[in-house]
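The values are calculated or read from the model by the stated rules, or taken from the named source; none is laboratory data. Note that this is a predicted model, so its numbers are computed, not measured. Note: ideal-geometry Cβ built from the backbone for every residue, glycine included; neighbour counts use all protein chains shown.
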Amino acid sequence: MIKIVKFGGSSVASSQQFQKVKDIVLADDSRRFVVVSASGKVNKDDNKITDLLYLCHAHIKYNISCDHIFNMIEERFLTIKKELNLSYDIQKDLDLLRSQLDKNIDLDYLVSRGEYLTALLLAEHLGYEFVDAKDLIFFNYDGSIDYKKIKEAFDKIVNDYPRLVIPGFYGSLPDGTLRIMSRGGGDVSGSIMANVVDANVYENWTDVSGILKADPRIVKKPKQIEVITYSELRELSYMGASVLHEEAIFPVKHKNIPIHILNTNDPTSAGTIIVDTVEDEEANGNEITGIAGKKDFSIITVKKSHMSNEVGTIKNALDVLEKYSVSIEHLPTGVDSFSIVVESEAIKPILYDVLLQIKEKCKPNELTVIDNISLIATVSRFMKSKTGMSGRLFTTLGRENINISVISQTSDEMNIIVGVHNDDYERTIKAIYDEFEGNKGESK
């Protein structure tokens, strides 16, 4: 049994959190390989180390001293070392980093030091061997992961050191240059390692007890999701649910390695298990897996008589958006019309240019834009086998006098996406949750 365990920033924010991590790791002998993020916020008014490092770089760029910011970083690590009575000379690493704070410092290198320093202290605290991610996580120049090279490096290291602590969030390119991932990339690092070692499970420890069926800021005490498929999680993550970095799914998906979301502050909680498929599963009262959404979309609608008899009208419009690198969220169509749903922020600076070119290429009878639209996804792997779920959803929204601007559902019937006005965003999520979960949760 091998478990890859990854701890997020909140799990290593203080010496007290370090001790919780140690208790968790040492409680299970299969937790041999630990991936760790940079130290996060101690409390809501505190700062994440990664944010402070980004801020240092911004100050350096504009010739502003970042000494006061770096002092905060230094104090965090020195406090953890002192309170845990660690012997590693982290002051030496901090002094070196301070001496490198000039305009020549590489952003990826600077920002990666949060994970690097945190992992050094955690390795000593656990009694595990520290391995720099640059010597273990390798990327090709196109950003893809070099699994073969990672496997070869890992096999050499693990022969000498069977228990490892690895910084998350970064690796190296073929020329040795450091490369960081997008924010939350430590989740991806853990997933890569789970793939390489063929782990039985990838435990992702954070500050929440799994994934909830709805945003707790909107729905009071929403039910926790016990089991969710990778595909369902992708749908929820894309629409705003952010417990796990959405790219963390891919390295483990094809090997069907489960991801277990767990709470460092409540280690006995069951958490949420993420798997590729669930065989022969009964719904057992679980009609929906979860609800998630995003605000601020725009709908461009093209109306043209006899459009169904023409070839290329929709393609011409999409070519315009591709020219401006605008991602399309949804594309509902009718006989003589189609609508393109895009993020308002992406289209706003170029809207008039886009509309002008669509007019020229498509020659529509009517071209309109609607703003302030929210997209809300209701996700469920049970949707295909249970009749009437769509009807219940639309009936519920009708009863609540919520007008629907867009409806989208793919043939796999895993989710239903509705577009409503931003003003109806919270009300829509509450209504859908109450309809399918009833008294299992309580709306605010």
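May I ask you to list the residues in the range 118-136 that are within 23 Å of the chain's Cα centre (by Cα) and more than 21 Å from Lys48 (Cβ to Cβ)?
The answer is Lys134, Leu136.
With the condition kept exactly as written, say whether any residue in the range 286-309 is without any contact (Cβ under 8 Å) to a residue 12 or more places away in the chain and assigned to a loop (DSSP other than H, G, I, E, B).
no
Taking the condition of being in a helix (DSSP H, G or I) and among the aliphatic types (A, V, I, L, M), how many residues in the range 330-346 meet it?
The qualifying residues number 1.
Of everything in the range 55-73, what is surrounded by fewer than 17 Cβ atoms within 10 Å (Cβ to Cβ) and closer than 27 Å to Gln19 by Cα? Give them in sequence order.
Result: Asn71, Met72.
Does the range 316-325 include one or more residues that are within 30 Å of Glu232 (Cβ to Cβ), of a type in the set (Asp, Glu) and in contact (Cβ under 8 Å) with a residue 12 or more places away in the chain?
No, the range 316-325 has no match at all.
Kindly indicate which of Pro364, Pro349 is in contact with a helix residue (DSSP H, G or I) (Cβ under 9 Å, 6 or more places away or on another chain) and farther than 16 Å from Ala292 by Cα.
Just a single option satisfies the conditions, and that option is Pro364.
Restricting attention to the range 26-60, report how many residues are free of Cβ contacts under 8 Å to residues at least 60 places away in the same chain, touching a helix residue (DSSP H, G or I) at 6+ places or on another chain (Cβ under 7 Å), of a type in the set (A, V, I, L, M, F, W, C) and more than 16 Å from Asp106 (Cα to Cα).
0
Pick out the one residue from Asp423, Asp353 that is modelled with pLDDT of 95 or more and more than 30 Å from Asp319 (Cβ to Cβ).
When all the criteria are applied, what remains is Asp423.
Can you give me the ranges of the helices (runs of 4 or more DSSP H) entirely in the range 73-163 with at least 2 residues that are among the basic types (Lys, Arg)?
90-99, 147-160
Yes/no matrix, rows are residues, columns are (1) crowded, with 17+ Cβ neighbours inside 10 Å; (2) in the same structural domain as Thr378 (by TED's automatic domain parsing):
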| position | (1), (2) |
| --- | --- |
| Asp276 | no, no |
| Ser298 | yes, yes |
| Lys304 | yes, yes |
| Glu310 | no, yes |
| Lys315 | no, yes |
| Leu321 | yes, yes |
| Ser327 | no, yes |
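Do you know which residues across the range 335-364 are surrounded by fewer than 13 Cβ atoms within 10 Å (Cβ to Cβ) and either over 22 Å from Glu322 (Cα atoms) or in contact with a Pro (Cβ under 7 Å, 6 or more places away or on another chain) (or both)?
Across the range 335-364, the qualifying residue is only Val335.
Can you name the number of the only condition in (1) β-branched (Val, Ile, Thr); (2) in a strand (DSSP E or B); (3) buried (at least 20 other Cβ atoms within 10 Å of the Cβ) that Ile370 fails?
Failing condition for Ile370: (3).
Among the residues of the range 310-329, count how many are charged (D, E, K, R), within 30 Å of Asp424 (Cα to Cα) and in a helix (DSSP H, G or I).
Of the residues in the range 310-329, 0 are charged (D, E, K, R), within 30 Å of Asp424 (Cα to Cα) and in a helix (DSSP H, G or I).
Which residues, counting only those in the range 102-129, are surrounded by fewer than 19 Cβ atoms within 10 Å (Cβ to Cβ), within 20 Å of Ile192 (Cα to Cα) and either free of Cβ contacts under 8 Å to residues at least 60 places away in the same chain or of a type in the set (Lys, Arg) (or both)?
Glu129, the sole residue that qualifies.
Pull up the range 386-415, narrow it to residues that are in a loop (DSSP other than H, G, I, E, B) and without any contact (Cβ under 8 Å) to a residue 12 or more places away in the chain, then point me to the one that is surrounded by the most Cβ atoms within 10 Å (Cβ to Cβ).
Checking each candidate, the answer is Thr410.
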